[in-house]
1. Per residue of segment 60-74, what does 6.51 cos²θ - 1.76 cosθ + 1.60 with θ = phi - 60° give for ³J(HN,Hα)? Whole Hz please, x for Gly and Pro, Karplus curve as stated.
2. Report the equivalent ellipsoid semi-axes for segment 40-156 in whole Å, largest first, defined as the square roots of five times the eigenvalues of the gyration tensor built from alpha carbon atoms.
3. Per residue of segment 162-168, what does 6.51 cos²θ - 1.76 cosθ + 1.60 with θ = phi - 60° give for ³J(HN,Hα)? Whole Hz please, x for Gly and Pro, Karplus curve as stated.
4. Ignoring ligands and nucleic acids, what accessible area does Ser241 show with a 1.4 Å probe (Å², nearest 10)?
5. For segment 530-643, with all protein chains present and a 1.4 Å probe, just round the carbon and sulfur fraction of the accessible area to a whole percent.
6. If you average 1/r across every pair of different Cα atoms in segment 352-401 and take the reciprocal, what Kirkwood value do you get, in Å?
7. Rounded to two decimal places and with Rh computed the Kirkwood way over Cα pairs, what is Rg over Rh for segment 333-373?
8. For segment 135-252, give the magnitude of the charge dipole about the Cα centre (Cβ charges: +1 Lys/Arg, -1 Asp/Glu; no others), in debye to the nearest 20.
Amino acid sequence: MAVALQIAVDMMRLRPDPSFYPAVSQPESAQALLPHELQSQIDAAVDALREDTRVATDALSALRRHAANHPGPLGDISLLYAEVLSVLRVTMTSTSVADSSEQAQTLLSRFHAIGEWQGCALALAAQVVHARSVDDRQMGLRIATGPLTQMLARLPQCAVRVMAANTCGVAHSDNEQLEAAANCYYTALRDAQALGLHAREAHISANIGEMLYMSGNAADARLLLERAAELSKLAPGAWLSTFVATTLALCRLAQGQAQEAKASIASLLDASDDTLGPSLASRLWFLATAALVLAECGELRAAQRHAQRGHELWPLIAERQLSPYIWWASGRLLRLQGDTTEAIHHFEEAISASANSGYAFMPMNAAREVFEILQQQADLQGALIAHQRFHSLYERVHNQSARLSLQLLRTQSQLVQAQREAEQHLTVARVKSRFIAMASHEFRTPLSAIQSSVELLRYYADRMEAQERESLWASLDTSFARLKTTMEQVLLLAKSEEDKLPVRLQELDWHAAAVEVSNEVQMATARRNPIQIVCPDAVLLGTRLRLDLNLFRQALSNLMTNACKYSGEGQSIEVRCSRQTEANASWLRLDVIDHGLGIHADDHERLFSSFERGRNTEHISGTGLGLAIVRRAMDALGGEVSFVSEIGRGSTFTLRFPIGALTER
């Protein structure tokens, strides 16, 4: 304790002036993107912070080589990043960290002066870790919730932001701010998944699992930790797999699965200190867990060895939040060995050491052990007091577990909603992109034809034969018609999107309108495909429907045009007319039948969406608007559209209009 107190006094002397942070926490602009090579080396070094000495040294050496190979401002920045990452690594893994806060503060000032917010975030993270290492959690929380959180908003999506968000989560978790911790962890987890950082994803998942376990929710924690265990296999280095396996073993032990818990750490039981990783705190966490697991498996000698190693290591570690576990483990071992007096002493040490940790699950278990021992000893007064303490801790655990589970559900829901919104924004962006590409092509082609025809007529009309002039005028008519059609389609679609599509009903001779549309389509396509309208029902031919002429024409014209466009030259198109009666309702049915390309089955569901086209039509000009307009027009008329198609054999599109069922809107 004297060592810890002295370090805490040193921390007070070296603590940075809080007045400095407001200037750092409000950067004027976002982080400028670093060159790809440098950013990759920074990300690799961040990923190697907790790895063994060789891996971490290699990553930092790469940064220093980059600095040597790029003299000038870029080299200076590389060197600064190497320095701050070295400080952060020492803070994470060393027992002698008294000077690291002062070094981090100096580097923070230098990074801030040049607007390198990633460097600022690393320096601030080092100060949070330092505060945690000297058991000053409040100081760590102030830095995490103040300048570090505000700095995160300025960072690009990168490994530094993942690490910084995870550090904020740890600071909140240490101070029992479980809801805020969950938010930070899930922010970090989302970024890690997006960047494909499997090691970071495993680490953050394990942190969430550890928080769930310490809050008494071992079942949910286990699910996350089993996922983290799979991910950790993809990551180099020993510390991560050790941390995940250790926490998973505790979860399995809490569920009464001692043998499964032992299986989680079996490969580590005889491992060297180097294999367990460079962090002394992580080693202590493993040794305490191994002692607990082995004791429950009846391997008391092996449990004793691990507990003894843990107690030898404990005085060297400033992170006192881990010390309760070694006391709990040795207390459990002593109880199983029959030394109940010493066991109570160790359990009381565990409970006392947990007083400021914020978590109640472990001290609740230790308190239950004390109660059970006193009850067995018939110490009724002591047992009553112990039971009251156990009950109080049990209530805290229940409250923590419920709060955290609720917050995790809320956070996960928010992330799902954010992902949906992002996908919607992406869809809108894609639609806009497709529209721009379509408009560029569909407008440019007829405009080019118009321009060339006008220029030829302007300069050479007097030298042309009458037939040549007529051909140019026909080209102008065709190009104008194409422009007009495209503009009408875009405007109609825009109005339907805004629910402003006008519907003007009138008594309509549908057959005459269909024949007129057929003639227009054949003229527009240079009569490359004959269109035949077949209606064997003479009564139906004379039926007049209340329809909007423009919408009727749009629906039928687009289907006829598509039938011609995607059929071979000379192939006939048939429009078959019939009456359908269903449940006292009559329908006019128009089947537009072609024998052309057909539509791939995988394209069926999306073809009525704007700017969507079949995968086998890329070589044929088109806007991807036609079928979307058909659907909108039929919806407005109270009708229906459907189709059947087979690749290489053609398609049949069916329009159904209600007879006498549509009223004025």
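1. 6, 5, 4, 5, 5, 5, 4, 5, 5, 7, 10, x, x, x, 5
2. 23, 18, 12
3. Ordered by residue, 3J(HN,Hα) equals 4, 5, 5, 5, 5, 4, 4 Hz.
4. Number for this one is 50 Å².
5. 46
6. For segment 352-401, inverting the mean 1/r across all distinct Cα pairs yields 11.0 Å.
7. Value, to two decimals: 0.99.
8. I would put it at about 300 debye.
The values are calculated or read from the model by the stated rules, or taken from the named source; none is laboratory data. Note that the coordinates shown come from a computational prediction; the quantities given were computed from them, not determined experimentally. A quick note on method: Cβ atoms are made from the backbone with ideal geometry, for glycine too, and the neighbour counts reach across all protein chains shown. The protein model used for the area step is the full one, side chains on, heavy atoms only, and it has no ligands, DNA or RNA in it. Shrake-Rupley method; radii C 1.70, N 1.55, O 1.52, S 1.80 Å.
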